[in-house]
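No lab work stands behind these numbers, since they all come straight from the coordinates. All values derive from a computational prediction rather than experimental measurement. Neighbour counts run over all protein chains shown; Cβ positions are idealised from the backbone, glycine included.
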Amino acid sequence: MHRRVRSGGMSDHEVTLVALSLTPVQAVAHAAQIREWLLSASVIEQNPIPGTLADPSEFLPGPQAEAVATEDEVNRALTNSGVDIVVGRQVFDSGENLEPPTCPACATMLDSDTYIDLLDDWLRTAEPLATCAACAHAALLGDWAGEWTCQVGELDVCFNNWPPLRPEFTQELGRRLGSRWRVVYGHY
Ligand SMILES: [Zn+2]
């Protein structure tokens, strides 16, 4: 699971863009390109001392961080306000808000136990098809709809405690993550 150091007693939120379509080898190359793009645009900057309780992330908000956010200020004074670009297959979950997704054809919600089993398959092997109990429509699990879903990917970019990102920035970053990508909003 996607778990990092949590600030004691405070609630953290994460916005994570997850690449669903990349092989492990592709993930390494895409991660390098995204790192270079975000650094050269000054959206992020290298954290000189990553791994501390206050700033565990590899990157900190850069001078241009506000240009990609919907609010005037990215609060650099917050504990854990950095950015991570992480290669490696994992499940990304919505934390306390988690809710199974709905059928893309008829909007019936997937059963929770079925959802957990399918996620486990996805993590261990490959993205499974989920078949709707109501209408029998079958679709890849990542194509089921929902705001508080889990996703499995080989590469992610995680913004810790940032204000919401601008839609055009989210789209551009997503495009750089490959042909299929999702946003996971985690709240802990
Ligand atoms: Zn259905």
FRET efficiency for residue 25 and residue 143, using Cβ-Cβ distance with R0 set to 22 Å, rounded to 0.05: 0.35
Where is the GNM fluctuation largest for the chain (alpha-carbon springs, 10 angstrom cutoff): 177, 38, 155? 38
Nearest 0.05, what FRET efficiency do residue 32 and residue 112 give at R0 = 41 Å with Cβ-Cβ as r? 0.60
Inter-label distance for residue 135 and residue 66, nm, one decimal - labels placed 7 Å from Cα along Cα-to-Cβ: 4.6 nm
Where GluC sites (Glu not before Pro) in DSSP loops with at most 15 other Cβ within 10 Å are excluded, longest remaining stretch of the chain: 1-70
Rounded tilt (10° steps) of 112-124 against the dominant C-alpha axis of the chain: 60 degrees
Residue of 119, 140, 110 that the Gaussian network model of the chain assigns the largest fluctuation, springs spanning Cα pairs under 10 Å: 140
Enter the angle in degrees (range 0 to 90, nearest 10) between the Cα long axis of helix 24-40 and the first principal axis of the Cα atoms of the chain, meaning the one along which they spread out most. 40 degrees
Sorted by Cβ density within 10 Å, fewest first, the residues 49, 34, 44: 49, 34, 44
Going by C-beta contacts inside 10 Å, put 13, 30 in order with the fewest on the left. 13, 30
Per residue, what volume in Å³ does the Cα convex hull of segment 100-146 take up? 56 Å³
Would you mind ranking 124, 89 so that the residue whose beta carbon has the fewest other beta carbons within 10 Å leads the list? 124, 89
Share of Cα-Cα pairs in segment 1-126 beyond 21 Å, whole percent, is 53 percent
Descending principal axes extents, segment 41-188, alpha-carbon based, whole Å: 51, 28, 27
Sites residue 123 and residue 75, calculated FRET efficiency, Cβ-Cβ separation with R0 30 Å, nearest 0.05: 0.35
